[in-house]
Amino acid sequence: MNIDIEVKAKVIYESDTDDIINQYIIFCKVFNEQTKQHGMTKKAVTETIRICRDRNVLCEYLAEREREVVTIMMSLFDEEQIMKSFIRSERHDEARETAERMIKDGELSLDKIAYYVPSLSMDELKELEAGVMQM
């Protein structure tokens, strides 16, 4: 039994209209520009709000809820930073496990292992080697 499923996606672009969706798209573009300039910082958020107000984009909403917008956007930054930190930590742990297996195998020198696992310093590799030798 074959079931054909058709999925359609509607892509929304910035337009000349003044509707809320178009204003939100403009807000997002301004925000992206500001994060490129200022990074994921409060300044990027406050500049985005200032620029959008100057351009009359989401002006009424931002006037009523500026604090709330800043708080929400800053919490999104925090969540993103936590996720990036977690991913870095996981990758580092995987690199350590790989290097430890290579050391236990005994086929490669620490210099060669450092070549294949470049995210670990030579000091970390020596520490792993010392731990393996104690087993």
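Here's the yes/no breakdown for (1) more than 30 Å from ARG53 (Cα to Cα); (2) touching a Phe, Trp or Tyr at 6+ places or on another chain (Cβ under 9 Å); (3) of a type outside the set (D, E, K, R):
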| site | (1), (2), (3) |
| --- | --- |
| GLU68 | no, no, no |
| SER89 | yes, no, yes |
| ARG96 | yes, no, no |
| LEU108 | yes, yes, yes |
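Where helices (runs of 4 or more DSSP H) fall wholly inside the range 28-135, the ranges with 2 or more residues that are out of contact with any Leu (no Cβ under 7 Å at 6 or more places or on another chain) and closer than 27 Å to ASP18 by Cα are 42-54, 59-105. Residues satisfying the criterion are present in the range 61-82 (criterion: within 30 Å of LEU128 (Cβ to Cβ) and either loosely packed, with under 12 Cβ neighbours inside 10 Å or modelled with pLDDT of 90 or more (or both)). Evaluated against (1) over 30 Å from ILE49 (Cα atoms); (2) at pLDDT below 90; (3) surrounded by 12 or more Cβ atoms within 10 Å (Cβ to Cβ), ALA114 falls short on exactly one condition, (2). Here ASN22 meets each of (1) closer than 25 Å to GLU79 by Cα; (2) in a helix (DSSP H, G or I) with one exception, condition (1). Looking at THR48 and the list (1) under 25 Å from the mean Cα position of the chain (by Cα); (2) under 30 Å from MET133 (Cα atoms); (3) of a type in the set (Ser, Thr, Tyr), which single condition is not satisfied? Exception for THR48: condition (2).
The values are calculated or read from the model by the stated rules, or taken from the named source; none is laboratory data. Just so it is clear, the model here is predicted, and its values are computed rather than measured. Please note: Cβ atoms are built from the backbone with ideal geometry, for glycine as well, and neighbour counts cover all protein chains shown.
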